[in-house]
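Reading through the structure tokens given below for one structure.
The values are calculated or read from the model by the stated rules, or taken from the named source; none is laboratory data. Given the structure is predicted, the values throughout are model-derived calculations rather than measurements. Cβ placement follows ideal geometry from the backbone for every residue including glycine, while neighbour counts extend to all protein chains displayed. Note: accessible area is taken over every heavy atom of the protein model, side chains too, but ligands, DNA and RNA are not part of it. Shrake-Rupley method; radii C 1.70, N 1.55, O 1.52, S 1.80 Å.
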Amino acid sequence: MARQERAIRTRRTILAAAAAVFDERGYTSATIGEILDRAGVTKGALYFHFGSKEELALGIFEEQLAVTLPPQASKLQELVDSGLVLALRLRTDPLVRASVGLALDQGALGLDRTPAFRMWIDQTTRTLAEAKTGGELLPHVEETETAELLVASYSGVQLLSQLRCHRQDLEHRVVVLFQHMLPGIAVPAVLARLDISADRAQRALAEGRLEPVTGEVAEAGLGTAGV
């Protein structure tokens with residue numbers, strides 16, 4: 001068990017270092033040597049976890065979806081919770097910020113950025129499909145198209161928040177996004193019961209006795225992603 005925990009910590013340290021270097025240098029200019037120096041690990045340790053620079057980027061992409069929230073009676077509430085918790089993590093977790101920065105980096109030559117969006121869209125589609133099965137969605141709603149629209153809208157909202165105030169108002173902006181989108185897809189009786197508020201993320205995390213992941217990443221010295 002101790003060896004497994006040590007491996008998890010090492011992997012996390014490498015990801016944090018890679019995120020910092022990608023943020024500072026850009027994906028194309030970043031080198032494995034710089035990431036090794038930042039992480040303070042051996043080349044063998046890095047390649048045990050990641051076979052290439054692109055695999056490092058994919059590992060960072062996965063951090064967007066790394067928190068498991070407690071289940072709710074409503075799948076649409078779970079959708080809201082995931083969006084608001086992501087907003088909180090974008091403000092507090094540099095590794096998640098780096099994930100978004102990489103996904104939107106049009107200068108990242110040689111990096112397939114579609115997996116970041118595909119993972120997010122697939123997860124959202126599954127949640128919407130479960131909501132439809134449970135009678136929470138209006139009959140006209142097509143799950144994949146709605147998921148793609150939500151992910152695209154969320155990406156734009158977080159970018160505007162970053163440019164205007166370094167995401168300090170991001171939870172509020174995500175609340176506004178849900179308040180405008182959900183009436184078009186949710187059954188009114190379900191919509192009336194949803195908790196869509198800026199402080200919902202903290203309460204959702206508290207329900208699952210989870211904390212936003214910040215400590216290990218902050219210790220690794222990441223800067224703020226430029227998205």
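What to note about this one:
- Condition check for residue 45: closer than 28 Å to residue 204 by Cα and part of a helix (DSSP H, G or I): no
- Options 10, 92: the member that is in contact with a His (Cβ under 8 Å, 6 or more places away or on another chain), farther than 20 Å from residue 112 by Cβ and of a type in the set (S, T, N, Q): 10
- Counting only helices (runs of 4 or more DSSP H) that sit completely within the stretch 172-226, those holding 2 or more residues that are modelled with pLDDT under 95, open to solvent by less than 30 Å² (accessible area, probe 1.4 Å) and within 30 Å of residue 21 (Cα to Cα) correspond to 200-207.
- The stretch 93-120 residues that are in contact (Cβ under 8 Å) with a residue 40 or more places away in the chain and surrounded by 24 or more Cβ atoms within 10 Å (Cβ to Cβ), paired with ones that are in a loop (DSSP other than H, G, I, E, B) and of a type in the set (Gly, Ala, Ser) (beta carbon under 6 Å, 6 or more apart): 97/225; 98/225
- The stretch 30-71: number of residues that are open to solvent by 60 Å² or more (accessible area, probe 1.4 Å) and either in contact (Cβ under 8 Å) with a residue 60 or more places away in the chain or not polar (S, T, N, Q) (or both): 11
- Scanning the stretch 20-28 finds one or more residues that are open to solvent by 60 Å² or more (accessible area, probe 1.4 Å), part of a loop (DSSP other than H, G, I, E, B) and closer than 18 Å to residue 100 by Cα.
- Hits in the stretch 174-200 - residues which are in contact (Cβ under 8 Å) with a residue 24 or more places away in the chain and under 24 Å from residue 103 (Cα atoms): 174, 175, 177, 178, 181
- Among residues of the stretch 140-161, those that are in contact with a Lys or Arg (Cβ under 9 Å, 6 or more places away or on another chain) and either under 17 Å from residue 177 (Cβ atoms) or loosely packed, with under 14 Cβ neighbours inside 10 Å (or both), counted: 6
- Residue 74 vs. criteria hydroxyl-bearing (Ser, Thr, Tyr), buried (at least 17 other Cβ atoms within 10 Å of the Cβ), more than 12 Å from the chain's Cα centre (by Cα) and closer than 20 Å to residue 204 by Cβ: yes
- Selection status of residue 128, part of a helix (DSSP H, G or I), surrounded by 21 or more Cβ atoms within 10 Å (Cβ to Cβ) and under 14 Å from the mean Cα position of the chain (by Cα): no
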